[in-house]
Amino acid sequence: MIKQIFSRTLIVCVLGTGLSSCQSSTSNADEVKVNLQVATENLLIAKQEQKQTLKDSIYQFRITAKEKIRLNEIKIAAFKAGIVNENGKAKISNNKTLAGLELKNRNLLIRLDHYEALSIENWIAFRNEFNHDFDKLGEAFKGLTIKNVK
């Protein structure tokens, strides 16, 4: 009798342990699924935030760059007004230089208006190249305003 009770108790314990370990595997699998779903949602949110940050960065850059381009247009107009009274060779040379600067300034504005961001890396490359070209244009303006006195 004691052997039967002991063997039945042992069987119940073994079955209980086996069933509970199966349930914990199932609950672990459910927990993993939930964690995966949460991670996927977090990734989607992060991507959306990244896209919005990129859009905001481009928008701010465009505003700043357009203001700088507008200031360049004002400098060009002021310089044109200043060379009206110059003699023939200097006037022709300065007009050619101004025409080139106007063209570069206009091309920068066109590039800025037509840019569409494909990725963050693409945006960073565009921004760096644009800033480099704009700095070169600024140096050309500085060289234009310096008069060589002989």
Kindly provide the set of residues from segment 101-117 that are surrounded by fewer than 13 Cβ atoms within 10 Å (Cβ to Cβ) and of a type outside the set (Val, Ile, Thr), ordered by number. 103, 107, 113, 114, 116
If I filter segment 41-60 for residues that are aromatic (Phe, Trp, Tyr), in contact with a Ser or Thr (Cβ under 9 Å, 6 or more places away or on another chain) and either part of a helix (DSSP H, G or I) or loosely packed, with under 10 Cβ neighbours inside 10 Å (or both), do I get at least one hit? no
Selected residue (only one of 86, 129 is at pLDDT below 95, acidic (Asp, Glu) and either closer than 30 Å to residue 46 by Cβ or out of contact with any Gly (no Cβ under 9 Å at 6 or more places or on another chain) (or both)): 86
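Residue-by-condition table, conditions (1) in contact with a helix residue (DSSP H, G or I) (Cβ under 7 Å, 6 or more places away or on another chain); (2) modelled with pLDDT of 90 or more; (3) not in a helix (DSSP H, G or I):
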| position | (1), (2), (3) |
| --- | --- |
| 79 | yes, no, no |
| 90 | no, no, no |
| 97 | yes, no, no |
| 118 | no, no, yes |
| 125 | no, yes, no |
Scan 90, 140 and give me the residue that is among the hydrophobic types (A, V, I, L, M, F, W, C) and more than 19 Å from residue 74 (Cβ to Cβ). 90
Looking at this structure, is residue 142 assigned to a helix (DSSP H, G or I), surrounded by 11 or more Cβ atoms within 10 Å (Cβ to Cβ), at negative phi and of a type in the set (D, E, K, R)? no
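The values are calculated or read from the model by the stated rules, or taken from the named source; none is laboratory data. All figures in this text were calculated on a predicted structure; none of them were measured in a lab. Virtual Cβ from ideal backbone geometry, glycine too; neighbours counted across all protein chains shown.
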